[in-house]
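The values are calculated or read from the model by the stated rules, or taken from the named source; none is laboratory data. This structure is a prediction, so every number in the text was calculated from the model and none was measured. Here the Cβ positions follow ideal geometry from the backbone for every residue, glycine too, while neighbour counts run over all protein chains shown. Remember, those area values only see protein heavy atoms, side chains included, never the ligands or the DNA or RNA. Shrake-Rupley method; radii C 1.70, N 1.55, O 1.52, S 1.80 Å.
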Amino acid sequence: MEKTKILEKVFKVFLIFVPLSLFAEYTHSSPIAIFVLASLAIIPLAKFIGESTEEISAYTGPALGGLLNATFGNATELIISFFSLQAGLTEMVKASITGSIIGNLLLILGMAFFFGGLGKDEQKFNTTAAKTSASTLFLATAAIVMPAVFVLTSENPSAETIETLSIAVSVIMAVSYLASLLFSLHTHKHLYTVDTSECVARWSVKKSVSILLASTVTVAVMSEILVGSIEPLAESFGWTELFIGMIFIAIIGNAAEHVSAITIAIKDRMDLSLQIAIGSTTQIAMFVVPVLVFTSYFFKNPMNLIFTTFELAAIVSAVLMVKSIIEDGKSNWFEGLQLLGTYGIMVVVSFLHP
Amino acid sequence: MEKTKILEKVFKVFLIFVPLSLFAEYTHSSPIAIFVLASLAIIPLAKFIGESTEEISAYTGPALGGLLNATFGNATELIISFFSLQAGLTEMVKASITGSIIGNLLLILGMAFFFGGLGKDEQKFNTTAAKTSASTLFLATAAIVMPAVFVLTSENPSAETIETLSIAVSVIMAVSYLASLLFSLHTHKHLYTVDTSECVARWSVKKSVSILLASTVTVAVMSEILVGSIEPLAESFGWTELFIGMIFIAIIGNAAEHVSAITIAIKDRMDLSLQIAIGSTTQIAMFVVPVLVFTSYFFKNPMNLIFTTFELAAIVSAVLMVKSIIEDGKSNWFEGLQLLGTYGIMVVVSFLHP
Amino acid sequence: MEKTKILEKVFKVFLIFVPLSLFAEYTHSSPIAIFVLASLAIIPLAKFIGESTEEISAYTGPALGGLLNATFGNATELIISFFSLQAGLTEMVKASITGSIIGNLLLILGMAFFFGGLGKDEQKFNTTAAKTSASTLFLATAAIVMPAVFVLTSENPSAETIETLSIAVSVIMAVSYLASLLFSLHTHKHLYTVDTSECVARWSVKKSVSILLASTVTVAVMSEILVGSIEPLAESFGWTELFIGMIFIAIIGNAAEHVSAITIAIKDRMDLSLQIAIGSTTQIAMFVVPVLVFTSYFFKNPMNLIFTTFELAAIVSAVLMVKSIIEDGKSNWFEGLQLLGTYGIMVVVSFLHP
């Protein structure tokens, strides 16, 4: 309880980075300063979006609340991605999707298993909900692998064909996502852990909605500043869009989930920890990806579903490894370390990749 | 019971398509008409081959009966493939093998889980036999992946080397198939569900053999007509051999299994439903494939074992996904939908593939 | 008991090949004679290294003993690899690593399951330790796959970048290996089967150390002779470095483990059999590979971590197949045969590969 309160205070203190990054932006500070300040500012805002959504859910009842959570849970990733697409950083957005998937599966789950497992023989968790998410991950993987294989094995497919393919596959992902909501919120809701907050509202409806709106708008402003700093940053450090997207943007966009999943794992509540880490991954794959594909057609550079071979290999490795580790319903510190080791390999390779 | 009777009547009514497709062929109707009529004619005939084989098994005892079933269960696919090889449609035959594998694993099993699971919390099945089949699928996958990787990583391997490779791998698959019969019919027959018909013969031996022979000959005639319509059909619609083979021919060749597996799943007899869907897949991979490789050397265009990268990706995705979904011995409608979604992705990609 | 004694005598008789291969080497016999004699000489020596290490462990206590076993268990592979790297046979060393991984997983485990399972309905084993090893295999696979994908997807990466990548990934593998020792020898040692010898020393410390030193020196001499015969052998038979490394060198380097794992499986002690086969694989991937990468920088031709696509496909297939077969904690002869069939496919493909 006390640790949670300290964490909440830390989050509030982090709000100082909002004015600081605005100041840095308007005084034309160095790109690295702007990037770091805007990143730090987004972390508490993402947390406030999450909290205010939960508060609103307490008034709407579990079904609509679950839907709200599922949608706003990825608001930060979506907003950063929109500004990146507008800036023409299409490859970086795809890299950040890849990074969110492997980050949630390898980094978050790795830290949750490692820190949660220290000093314990093993930690147990219910596998039914985790397995359903795992099969959603396989569908998402197929949805990401097949279009890329299509391009690899076709000779110069037309942009139109790639567009049709991306939209058709995105429609299938979106339908499957809607079905997964029906499954988890209606026909099989008993499989899913009830949230600990026990849905007792601490804030009024008005306060919740105000905080949600204010945080969302501020995240948008911060994201625009952040995205604006990426190109000069990449140039001055010699980093690639792949590396920035896959490692930094992915971690910033998922920071709130990172903190929750790990603190919850240390309290030995592994079911909820897994639900956050894996649930967040499937939402990115099945909800964020199709939304970005659809909406990107309003931008100059539409985003297709063609990931690079390197991204495919990273996603397939992460999905197979996590599937293998969670299926016995037990974890220990060494399994966490192995996930972290695999993440380390991905970081090294994406850093060196030209 | 009643539904089964209605289904049987529907099958008998479908026999009308035999004379209709003969008529269409000899009046030189449009290729699409010939293709559709011949396809519809093959469905009841495949069913009669299956039924007469089962009747004969009732007289021969389970061991020889199982062998007969295993052999004639794929008679339709084999006959269509023979005529296609004779017509030089080698790539289409390989696409139809790919399509049979992913069709059985994703489409049939997906529909069985989806329709079987509607309105139920979960459906359970015994995993021992399913798992043995799954490991056979991994062997089959390795047998299909390794020769393709060989060709991808060799610079212009000679036709002779590819022939040697195809035959050597086919011999290993055939030996493993014979061993699987020894396993399922002799040393570990207790693992396999006994068929519901309880082996009480309804037909005399003479009637059974006559129906078997008549159906097989008629399937052969229909297949020749069907195959003859493929090239003009492909031309007029702009479809590829890949698409026709992987989707249409695969569904026609396995239509009887499709209907059985789904009706049985709705009756909640999941063990038998899985046995049909997965057993049919392993039979295609381990029996039909080597038989086609061996016999194709009597045709002008021998069929090698080199599948395309696209086909490999489809097979590997399907095998890993089904493996992941069946291993907990439970299914629900959403898992079925995910299999169907993955199949949908394959259909889209194979349709757009040049 | 009696069979074990006969086996021990056979091993002692095999020592005759030590002087024979020395004789063949100094009379400049044909390369095939030298290769076969040196190979046969290494088998009993590898066994003596293993036994003397176990004897020493009885004096040092289990923790240090486990460490000794883990290190000297791969002494033979390491020594052969050092001489091969010195001779510039870098590709052969990587092929022999691939061959050790697939040989342990498919050939040894296949023979253990096949011969162990004959005449039995099923053999059971504890899956906890096996599963932890399996997740180490996934990490090792990611460590082998990602650098290769890096090279495949970069345009002409510099030798320096590949060196940095190989060393960084090797460091991660080495750290994970040290963590696995901490896990298996300290925090979770209760998961691992205690060795049957029950740690009662039969030999004095002096005798054990003498035998260990003598065997290691003799293995080194034999390895130098063996490696010297490889190039002329490859030339006269038209064999590739890939084939010799992946099949022959891999089998010779792991012969002692082969014999132990199979004889133990026949005695129905599957836990220990799996521990040898899978433990040996993870040691090669996580200990031998980084040691070779690090030390190879003292040779003219440093060994990088870039395996060929063919080797990747072989390793990934083997890991996924074994993972699938062991996860239910049961085995039977047919599963063994399927592993052997998959190994057979690898042999055929590596033999025909140019």
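Can you find a residue that is among the hydroxyl-bearing types (S, T, Y), more than 19 Å from B:M270 (Cα to Cα) and part of a helix (DSSP H, G or I) anywhere in the range B:156-164? The answer is yes; a qualifying residue exists. Comparison of A:A95, A:A140 shows that the only residue that is buried (at least 24 other Cβ atoms within 10 Å of the Cβ) and closer than 30 Å to B:S331 by Cβ is A:A140.
In this structure, does B:L40 turn out to be at pLDDT 90 or above and within 14 Å of the chain's Cα centre (by Cα)? Answer is no for this residue. For the range C:112-145: of the residues being over 29 Å from C:L185 (Cβ atoms) and touching a helix residue (DSSP H, G or I) at 6+ places or on another chain (Cβ under 6 Å), which is farthest from the other protein chains (Cβ to nearest Cβ)? Once the filter is applied, the top-ranked residue is C:F115. The residues in the range C:319-335 that are within 19 Å of the chain's Cα centre (by Cα) and more than 7 Å from every other protein chain (Cβ to nearest Cβ) can be counted, and the count is 2.
If only residues of the range B:28-53 that are free of Cβ contacts under 8 Å to residues at least 12 places away in the same chain and hydrophobic (A, V, I, L, M, F, W, C) are counted, the one that is nearest to B:L7 (Cα to Cα) is B:V36. Among the residues of the range C:227-260, how many are modelled with pLDDT of 85 or more and of a type in the set (S, T, N, Q)? Residues meeting the conditions: 3.
When C:F17, C:F23 are checked against the criterion of being modelled with pLDDT of 85 or more and open to solvent by 50 Å² or more (accessible area, probe 1.4 Å), a single residue qualifies: C:F23.
From the list C:L213, C:L292, pick out the single residue that is buried (at least 23 other Cβ atoms within 10 Å of the Cβ), within 25 Å of C:A46 (Cα to Cα) and at pLDDT 90 or above.
Exactly one residue qualifies, and that residue is C:L292.
If you check A:L89 against the conditions, is it farther than 25 Å from A:F17 by Cβ, open to solvent by less than 20 Å² (accessible area, probe 1.4 Å) and in contact (Cβ under 8 Å) with a residue 40 or more places away in the chain? Spelling it out, it is not the case that A:L89 is farther than 25 Å from A:F17 by Cβ, open to solvent by less than 20 Å² (accessible area, probe 1.4 Å) and in contact (Cβ under 8 Å) with a residue 40 or more places away in the chain. The set of residues in the range C:179-194 being facing chain A (nearest Cβ under 7 Å) and of a type outside the set (S, T, Y) consists of C:A179, C:F183, C:H188. Scanning the range B:146-178 for residues that are under 30 Å from B:N126 (Cα atoms), within 9 Å of chain C (Cβ to nearest Cβ) and crowded, with 19+ Cβ neighbours inside 10 Å yields a total of 3. Scan the range B:234-282 for residues that are open to solvent by 40 Å² or more (accessible area, probe 1.4 Å) and under 16 Å from B:S81 (Cα atoms) and jot them down. Across the range B:234-282, the qualifying residues are B:E241, B:F248, B:I251. Among the residues of the range B:98-122, those identified as small (G, A, S) and buried (at least 24 other Cβ atoms within 10 Å of the Cβ) are B:G99, B:S100, B:G103, B:G110, B:A112, B:G116, B:G117.
Just to check your reading of the model, which residue among B:K131, B:K47 is under 30 Å from C:I326 (Cα atoms) and open to solvent by 10 Å² or more (accessible area, probe 1.4 Å)?
B:K131
Of the listed requirements (1) closer than 18 Å to A:F248 by Cβ; (2) in contact with a Lys or Arg (Cβ under 8 Å, 6 or more places away or on another chain), A:M346 misses just one: (2). Scanning the range C:336-354 for residues that are facing chain B (nearest Cβ under 7 Å), within 19 Å of B:T161 (Cα to Cα) and either without any contact (Cβ under 8 Å) to a residue 24 or more places away in the chain or not aliphatic (A, V, I, L, M) (or both) gives C:G344, C:I345, C:V348, C:L352, C:H353, C:P354.
For the range C:300-318, give me each residue that is touching a helix residue (DSSP H, G or I) at 6+ places or on another chain (Cβ under 7 Å), more than 7 Å from every other protein chain (Cβ to nearest Cβ) and open to solvent by 10 Å² or more (accessible area, probe 1.4 Å). Once the filter is applied, which keeps residues that are touching a helix residue (DSSP H, G or I) at 6+ places or on another chain (Cβ under 7 Å), more than 7 Å from every other protein chain (Cβ to nearest Cβ) and open to solvent by 10 Å² or more (accessible area, probe 1.4 Å), the range C:300-318 yields C:N301, C:P302, C:N304, C:I306, C:L312, C:V316.
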